[in-house]
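To start, the structure itself, in structure tokens.
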Amino acid sequence: MAMILVTGGCGFIGRHVVEELLDNGYEVRVLDALIDQVHGDAETAMPEAAEIMRGDVRDKTAVKRALLGADGVIHLAAEVGVGQSMYEIARYVGGNDLGTAVLLEAMIGRLPKRVVVASSMSVYGEGRYENADGAQLDLVRRRGDQIKAGQWNLRGADGKVLRPVATDEEKPVDLASIYALTKYAQEKQVLIFGEAYGVEAVALRLFNVFGAGQALSNPYTGVLANFASRLANSQPPMIFEDGEQRRDFVHVRDVARAFRLALEKPNAPGHVINIGSGQAYTIAEVATLLADAMGVPEIRPEIMNKARSGDIRNCFADIAKARELLGFEPRFKLENALGPFVDWVRHSAAIDRGAEMKRQLEERGLVS
Ligand SMILES: NC(=O)c1ccc[n+]([C@@H]2O[C@H](COP(=O)([O-])OP(=O)(O)OC[C@H]3O[C@@H](n4cnc5c(N)ncnc54)[C@H](O)[C@@H]3O)[C@@H](O)[C@H]2O)c1
């Protein structure tokens, strides 16, 4: 039986990855610092069969101990939040980049066979676009003055609005936030290390992950958890811009399966692979679907008509490569999977910190 070390295994995605691995006959060890912003004072319930070590990935001694006997590593430990990364810069660069560096250095001399790292769709910046002639554009950005004037959509050189299309892994990265920069550095570090040391390395670029277990009181994480904690407190979800921006929501159990497949499949090493649902939803649509599922259809979202620094307009996944290399097929769709998510929200203490998050960003001039 293979033994897998999961860093950040007590987090939202980690807990599902641990379950997926245990269900498929792996031995699992977790290294997690149980950071306050994610875990608070609450006890994090973990399966008994997993060995849990509390420790920081920046602590080489702890990491070396955690790596003993590991055949594979799934590296999930990270500070997660685009907005917060724009002012807690040292924290994000330290936890994510230095953390990955220490983890890799600790592997020298006790190399695992394979390492799979969680990267993020945020590395793309804007997704791919198409102009009226059908030409694809893969490095477009909104200018600050356009955003200030409330022109949310991307425009071509002729001033016409561009059409967003699915983003594949060939699209050049365009790092628009400190978080994205750290995720790209994590992914590159792992791939470069793998190449140099003969360790099989895979990076999964996750799109918006949703499902039971996301930290509801952490306003910096997923938009769905964020909206749910607002609705659970009878507050309208706060939507930046006009709500028509599009994202791809992939279920956490699909993501957990993708991590297992990335550990197992022979053609995955050396690749970065998108993990999404392949479907695009507008954020306003998501807020409405969720309010309906939570039985509060009368709570309409608050459209802020303001942009958050570092946010992009549209990005949704082309998952052809995941299908080909991993045999990955999403099993859950947002509109059908909200029931269990809502049940879980009802049984959780969702402290709404959305207004606080907005104030933190505004104080630093990161909302315009
Ligand atoms: N949730 C998403 O939508 C999403 C999307 C793209 C990528 N990702 C990536 O997936 C991974 C997991 O995300 P998540 O949503 O489960 O986040 P999470 O915050 O729920 O979990 C992260 C876990 O890592 C731990 N951790 C943080 N810093 C650590 C450190 N220095 N040492 C040890 N442990 C540490 C935390 O205590 C937490 O348990 C992250 O790498 C994240 O960047 C998540």
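When the residues of the range 267-312 are narrowed to those that are of a type in the set (Ser, Thr, Tyr) and open to solvent by 30 Å² or more (accessible area, probe 1.4 Å), which ends up farthest from ARG331 (Cα to Cα)? Reasoning before the result, please.
Going through the range 267-312, the residues of a type in the set (Ser, Thr, Tyr) turn out to be 277, 281-282, 288, 309.
Right, trim to open to solvent by 30 Å² or more (accessible area, probe 1.4 Å) and you get 288, 309.
Working: THR288: 22, SER309: 33 Å.
Among residues in the range 267-312 that are of a type in the set (Ser, Thr, Tyr) and open to solvent by 30 Å² or more (accessible area, probe 1.4 Å), the one farthest from ARG331 (Cα to Cα) is SER309.
For the range 32-45, does any single residue satisfy the condition of being under 22 Å from GLU105 (Cβ atoms), in a strand (DSSP E or B) and within 18 Å of the chain's Cα centre (by Cα)?
From the range 32-45, those under 22 Å from GLU105 (Cβ atoms) are 32-33, 35; that's our starting set.
Still in the running and in a strand (DSSP E or B): 32.
From what is left, the residues that are within 18 Å of the chain's Cα centre (by Cα) are 32.
Yes, that holds for at least one residue.
Residues in the range 46-68 that are part of a strand (DSSP E or B) and over 11 Å from LEU5 (Cβ atoms): how many?
First, the residues of the range 46-68 that are part of a strand (DSSP E or B): 51-54.
In the following step, the residues that additionally are over 11 Å from LEU5 (Cβ atoms) were identified as 52, 54.
The qualifying residues number 2.
Can you list the strands (runs of 3 or more DSSP E) lying wholly within the range 93-175 that have 3 or more residues being within 15 Å of the ligand (Cβ to nearest atom) and touching a helix residue (DSSP H, G or I) at 6+ places or on another chain (Cβ under 7 Å)?
Where strands (runs of 3 or more DSSP E) fall fully within the range 93-175 and carry at least 3 residues being within 15 Å of the ligand (Cβ to nearest atom) and touching a helix residue (DSSP H, G or I) at 6+ places or on another chain (Cβ under 7 Å), they are 114-120.
Is it the case that some residue within the range 148-163 is surrounded by fewer than 21 Cβ atoms within 10 Å (Cβ to Cβ), of a type in the set (Val, Ile, Thr) and in contact with a strand residue (DSSP E or B) (Cβ under 8 Å, 6 or more places away or on another chain)?
yes
Just checking, does the range 324-331 include any residue being modelled with pLDDT of 95 or more, part of a helix (DSSP H, G or I) and surrounded by fewer than 14 Cβ atoms within 10 Å (Cβ to Cβ)?
Taking every residue of the range 324-331 in turn, at least one turns out to be modelled with pLDDT of 95 or more, part of a helix (DSSP H, G or I) and surrounded by fewer than 14 Cβ atoms within 10 Å (Cβ to Cβ).
I want to confirm something. Restricting to the range 229-252 and keeping residues that are within 16 Å of the ligand (Cβ to nearest atom) and in a strand (DSSP E or B), which single residue is most open to solvent (accessible area, probe 1.4 Å)?
Keep residues of the range 229-252 that are within 16 Å of the ligand (Cβ to nearest atom), which gives 229, 245-252.
Narrowing further to those that are in a strand (DSSP E or B): 246-247, 249-251.
Details: ARG246: 93, ARG247: 28, PHE249: 3, VAL250: 1, HIS251: 20 Å².
Only one residue tops the list, namely ARG246.
Tell me, yes or no, whether the range 253-261 has at least one residue that is near the ligand (Cβ under 10 Å from one of its atoms) and either of a type in the set (Phe, Trp, Tyr) or surrounded by 20 or more Cβ atoms within 10 Å (Cβ to Cβ) (or both).
Narrowing the range 253-261 to residues near the ligand (Cβ under 10 Å from one of its atoms): 255, 259.
From what's left, either of a type in the set (Phe, Trp, Tyr) or surrounded by 20 or more Cβ atoms within 10 Å (Cβ to Cβ) (or both): 255, 259.
Yes: the range 253-261 contains one or more residues that are near the ligand (Cβ under 10 Å from one of its atoms) and either of a type in the set (Phe, Trp, Tyr) or surrounded by 20 or more Cβ atoms within 10 Å (Cβ to Cβ) (or both).
All but one of (1) within 16 Å of the ligand (Cβ to nearest atom); (2) at pLDDT below 95; (3) open to solvent by 30 Å² or more (accessible area, probe 1.4 Å); (4) not β-branched (Val, Ile, Thr) hold for LEU191; which doesn't?
Looking at each condition in turn, LEU191 falls short on (2).
Residue by residue through the range 291-327, note down the ones that are touching a strand residue (DSSP E or B) at 6+ places or on another chain (Cβ under 8 Å) and charged (D, E, K, R).
Looking only at the range 291-327, we keep the residues that are touching a strand residue (DSSP E or B) at 6+ places or on another chain (Cβ under 8 Å), and these are 301-304, 306-309, 313-319, 321-322, 325-326.
Those that are touching a strand residue (DSSP E or B) at 6+ places or on another chain (Cβ under 8 Å) and charged (D, E, K, R): GLU302, LYS306, ARG308, ARG313, ASP318, LYS321.
Among the residues of the range 27-78, write down those that are open to solvent by less than 20 Å² (accessible area, probe 1.4 Å) and either away from the ligand (no atom under 12 Å from the Cβ) or charged (D, E, K, R) (or both).
Answer for the range 27-78, where residues must be open to solvent by less than 20 Å² (accessible area, probe 1.4 Å) and either away from the ligand (no atom under 12 Å from the Cβ) or charged (D, E, K, R) (or both): VAL28, ASP32, ALA50, LEU67, ALA70, GLY72, VAL73.
Here is a yes/no grid of residues against (1) modelled with pLDDT of 95 or more; (2) part of a helix (DSSP H, G or I); (3) more than 11 Å from the ligand (Cβ to nearest atom):
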{"residue": "SER217", "(1), (2), (3)": "no, no, yes"}
{"residue": "THR221", "(1), (2), (3)": "no, no, no"}
{"residue": "LEU224", "(1), (2), (3)": "no, yes, no"}
{"residue": "PHE227", "(1), (2), (3)": "no, yes, yes"}
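Determine, yes or no, whether LEU98 is surrounded by fewer than 21 Cβ atoms within 10 Å (Cβ to Cβ) and either out of contact with any strand residue (DSSP E or B) (no Cβ under 6 Å at 6 or more places or on another chain) or touching a residue at least 40 places away in the same chain (Cβ under 8 Å) (or both).
Details: surrounded by fewer than 21 Cβ atoms within 10 Å (Cβ to Cβ): yes; either out of contact with any strand residue (DSSP E or B) (no Cβ under 6 Å at 6 or more places or on another chain) or touching a residue at least 40 places away in the same chain (Cβ under 8 Å) (or both): yes.
Yes; evaluated as a whole, the condition is true for this residue.
Tally time: how many residues in the range 79-92 are open to solvent by 20 Å² or more (accessible area, probe 1.4 Å) and more than 8 Å from the ligand (Cβ to nearest atom)?
7
Residues in the range 194-209: is at least one small (Gly, Ala, Ser) and open to solvent by 30 Å² or more (accessible area, probe 1.4 Å)? Break it down into steps so the answer makes sense when it comes.
The initial filter retains those residues of the range 194-209 that are small (Gly, Ala, Ser), namely 194, 196, 198, 201, 203.
If we keep only those that are open to solvent by 30 Å² or more (accessible area, probe 1.4 Å) as well, we get 196, 198.
Yes, the range 194-209 contains a residue that is small (Gly, Ala, Ser) and open to solvent by 30 Å² or more (accessible area, probe 1.4 Å).
The values are calculated or read from the model by the stated rules, or taken from the named source; none is laboratory data. Just so we're clear, the structure is a prediction, and the values are computed from it rather than from any experiment. Here the Cβ is made from the backbone with ideal geometry for all residues, glycine too, and neighbour counts use every protein chain on show. Note: accessible area is taken over every heavy atom of the protein model, side chains too, but ligands, DNA and RNA are not part of it. Shrake-Rupley method; radii C 1.70, N 1.55, O 1.52, S 1.80 Å.
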